[in-house]
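Step one of this worksheet: look at the structure below.
The values are calculated or read from the model by the stated rules, or taken from the named source; none is laboratory data. Since the structure is predicted, the reported quantities are computational estimates derived from the model, not experimental observations. Note that each Cβ is placed from the backbone with ideal geometry, even for glycine, and that neighbours are counted across all protein chains shown.
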Amino acid sequence: MSTRRRFTEEFKLEAVKQVVERGFGVRDVAARLGTSPHSLYALINKYGIPAEQRLAGGNPPTG
């Protein structure tokens, strides 16, 4: 029986930053962090760049 892991908000945001801001591949980051690519994609959709900005090629506001 597998145990569901819980990650801190800080961990989730850092995982998303590795893909969105630093350009690492989703599969590479997921493998390095011990999670599935599917879970990482879900985090990117939740915490990443809004769709409008992704399509326009813009960066999220900072601060």
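For the stretch 29-63, the set of residues classified as in a helix (DSSP H, G or I), loosely packed, with under 13 Cβ neighbours inside 10 Å and either within 13 Å of the chain's Cα centre (by Cα) or modelled with pLDDT of 90 or more (or both) consists of ARG32, HIS38, ASN45, LYS46, listed by residue number.
Quickly run through the stretch 6-28 and pick out the residues that are assigned to a helix (DSSP H, G or I) and either among the hydrophobic types (A, V, I, L, M, F, W, C) or over 15 Å from ALA42 (Cα atoms) (or both). Steps first, answer last, please.
Residues of the stretch 6-28 that are assigned to a helix (DSSP H, G or I), as a first pass: 9-20, 26-28.
Scanning the stretch 6-28 gives GLU10, PHE11, LEU13, ALA15, VAL16, VAL19, VAL20, VAL26, ASP28.
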